[in-house]
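Peer 1: Shown below is the structure under consideration.
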Amino acid sequence: MHAKETSLSIRSTDCSEQPDRYKEEGTQCLDQNSPQGGHYRPCGQSTLISMVHRLIDQVARYDTNVLILGESGTGKELVARNIHELSSRTDKPFVPVNCGAIPAELIESELFGHEKGAFTGAITARKGRFEIAEGGTLFLDEIGDMDLAMQVKLLRVLQERSFERVGGNETRRCNVRIIAATHRDLEKRIAKGTFREDLYYRLSVFPIDTPALRDRIEDLPELIEQMADRSLRTGHPRIRFSRTAMTSLARFSWPGNVRELANLIERLAITHPRSTIELQDLPAKYRSQHSAEIDMALKVQDPPSVPGTVRSMDLPQDGLDLKDYLRTIERRLIRQALGETHGVVAQAARLLHLRRTTLVEKMRKYQVSARA
């Protein structure tokens, strides 16, 4: 067999200086030989992630406020870092703040800093994140969880580009680019009165939606390879995936998105070191409910047996194009779902656990008719 095709081997990309938070986002940086896209470029070549790439490239050169939307684990901070590294501020700090993780009574001091004696325990003056990020980019993660009172203060800073430290009266000018992100539906929060409409429009000058993994499943092989690279760099052994295992993963809905996939790869590298991951090796929830159907289909397509291997589980000796294979599976399932729902796209989308708009895009990509 060709190791290049069958193993998720490691090519050392120099990401050693990336922060842990970045690694937790799950998607990996591009190879250092690809500086045009940046080292924090979200991984993949699907239509949806390519659209994200285009939006990043369009907005990076400007100081426009950006609001990144998407489910948890889709790589929102990765997008923010890619925008920063492609901007004119790349040699200045990128400062992330998780607005949802800081208690409401502390976030003002965290953002704007405080003077000595401003409150009990303030034994020295301290810079806030706005000062630390001066000249660079301030990333306000989980902005949808920010307290209403703090939203008012943030809006004032965004409008006037100035602030005062807690306990101080000196007005300080700030020169930072603001990128915010949230997994919340801010328009619903506005309707409920828990998020300010004026702040929303101030932040969402240039919105970017990060797609869920289930909506760009064709990126799965490339994502797995990149994550295996990271796993090997941290001392884990090499792992391989059989076609049945890979096909089952492609059918999973991935509620935790790319971060969940990264955790699974690391776990399997520990529990099944230096081995080929078979369908039965996957944790139960990742085994497709149609596993018998997958096995049968693969047996039909398998080449003659190779001595010492299991015919239905191994790759052909000359390898295969995994992306093409997954595209074929995806096309068949779309056609099957449309057939079972008599061409009703909305019902087919529900069967496939996709948004209707995503299914329509995939039908256009594969030239599949609703009545096919």
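Peer 1: Going by amide H atoms built from the backbone, whose H comes under 5 Å of the H on ILE68, apart from near neighbours?
Peer 2: ALA180, ALA181, THR182, ILE208
Peer 1: Write down the accessible area per residue of region 30-143 in Å², having rolled a 1.4 Å probe over the full set of protein chains.
Peer 2: Per-residue accessible area for region 30-143 comes out at 43 Å².
Peer 1: In nm, to one decimal, how far is the modelled label at SER275 from the one at ALA370, with both set 7 Å along Cα→Cβ?
Peer 2: It is 4.8 nm.
Peer 1: Let me ask something else about it. Give the calculated FRET efficiency between THR120 and THR341 to the nearest 0.05, with a Förster radius of 45 Å applied to their Cβ-Cβ distance. Please list the in-between numbers first.
Peer 2: On the way: r = 63 Å, r/R0 = 1.40.
In this case the efficiency is close to 0.10.
Peer 1: Then there is this: Antiparallel as a % of all DSSP beta bridges within region 98-189, to the nearest 5?
Peer 2: Values: 3 of 9 bridges.
Of the beta bridges lying entirely in region 98-189, close to 35 percent run antiparallel.
Peer 1: Compute the length gained on full extension between ARG356 and ARG267: take 0.36 nm times their separation in residues and subtract their Cα-Cα distance, giving the result in nm to one decimal.
Peer 2: Working: separation 89, 0.36 × 89 = 32.04 nm, distance 3.29 nm.
Residue separation times 0.36 nm, minus the Cα-Cα distance, leaves 28.7 nm.
Peer 1: Using the basic label-point model (7 angstrom from Cα toward the beta carbon), what is the SER88 to ILE190 distance in nanometres?
Peer 2: Label at SER88, label at ILE190, 3.0 nm between them.
Peer 1: With all protein chains present, how much of the accessible area of region 123-255 (probe radius 1.4 Å) comes from carbon and sulfur, to the nearest whole percent?
Peer 2: Values: 2440 of 5380 Å².
Reported share for carbon and sulfur atoms: 45 percent.
Peer 1: A further question follows. What pairs in LYS92/LYS127; LYS323/LYS362; LYS127/LYS153; LYS92/LYS153 have C-alpha atoms more than 19 Å from each other?
Peer 2: Pairs exceeding 19 Å: LYS92/LYS153.
Peer 1: Loop only per DSSP, at most 12 neighbouring Cβ atoms within 10 Å: give me the GluC sites (Glu not before Pro) in region 121-195, ordered by residue number. Working shown, then result.
Peer 2: Numbers: sites: GLU131, GLU134, GLU142, GLU160, GLU164, GLU170, GLU187; in loops: GLU134, GLU142, GLU164, GLU170.
Passing sites in region 121-195 are GLU170.
The values are calculated or read from the model by the stated rules, or taken from the named source; none is laboratory data. Note that this is a predicted model, so its numbers are computed, not measured. Neighbour counts are summed over all protein chains in view; Cβ atoms, including those assigned to glycine, are modelled from backbone coordinates with ideal geometry. Remember, those area values only see protein heavy atoms, side chains included, never the ligands or the DNA or RNA. Shrake-Rupley method; radii C 1.70, N 1.55, O 1.52, S 1.80 Å.
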